[in-house]
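Heads up: the structure comes next, in structure tokens.
The values are calculated or read from the model by the stated rules, or taken from the named source; none is laboratory data. Since we're looking at a predicted model, the values are computed, not measured. Cβ atoms come from the backbone with ideal geometry, glycine included; neighbour counts cover every protein chain shown. Keep in mind that these areas ignore ligands, DNA and RNA; they rest on the heavy atoms of the full protein, side chains included. Shrake-Rupley method; radii C 1.70, N 1.55, O 1.52, S 1.80 Å.
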Amino acid sequence: MVSYHGKKDASFGYTQSFMILREQDNDFPVVAHRCSERLMYASQEWEMPSDYPTPCLFTTGGIVIGDDLIMSYGAADQKAGISWVNFAELVEYIKQFDAEGRKVE
């Protein structure tokens, strides 16, 4: 699993989502599943920037402890936060999307 960062627009800002890669022998990994939904985005008042208008949230690291994925993240290039999610549930959710980010029916 890999986190990725993208910008929706100037008001929603920079967000974070996740993809699952599949390894290939003697080649680069390929995307197997990509969640096109923004799973992490600035929503709390303290996560909003004070120096510029566009919100920005990005993960900076993560570790699995027990059943949880615990991630540190930057908010507005000014603050840091910690978030957590059940790792297995996150993986299963991401697997609902194909490599292009379309929901698999």
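Run the numbers on the range 51-93 and let me know its relative contact order in percent, using alpha-carbon pairs under 8 Å that are six or more apart. After rounding, I find 31 percent. Each of Ser72, Met40, Ile20 was placed along the dipole of the chain (beta-carbon charges, centred on the mean Cα), and the one lying farthest toward the positive end is Met40.
Here the range 1-65 exposes an accessible surface that is 51 percent carbon and sulfur, computed with a 1.4 Å probe and the other protein chains kept in place. Whole-Hz Karplus values for the range 90-105 come out as 5, 4, 4, 5, 4, 5, 6, 10, 7, 5, 8, x, 8, 5, 7, 8 Hz, taken residue by residue from phi with 6.51 cos²θ - 1.76 cosθ + 1.60 and θ = phi - 60°; glycine and proline positions read x.
Give the relative contact order (percent, whole number) for the chain; include only Cα pairs under 8 Å separated by 6+ residues.
The value is 25 percent.
Summing Lys and Arg as +1 and Asp and Glu as -1 over all other residues whose Cβ lies under 13 Å from the Cβ of Lys79 gives a net charge of -4. For the peptides 67-75, 49-57, the ranking by packing is 67-75, 49-57, with the highest mean count of neighbouring Cβ atoms within 10 Å listed first. Taken per residue, the accessible surface of the range 1-103 reaches 62 Å², heavy atoms only and a 1.4 Å probe.
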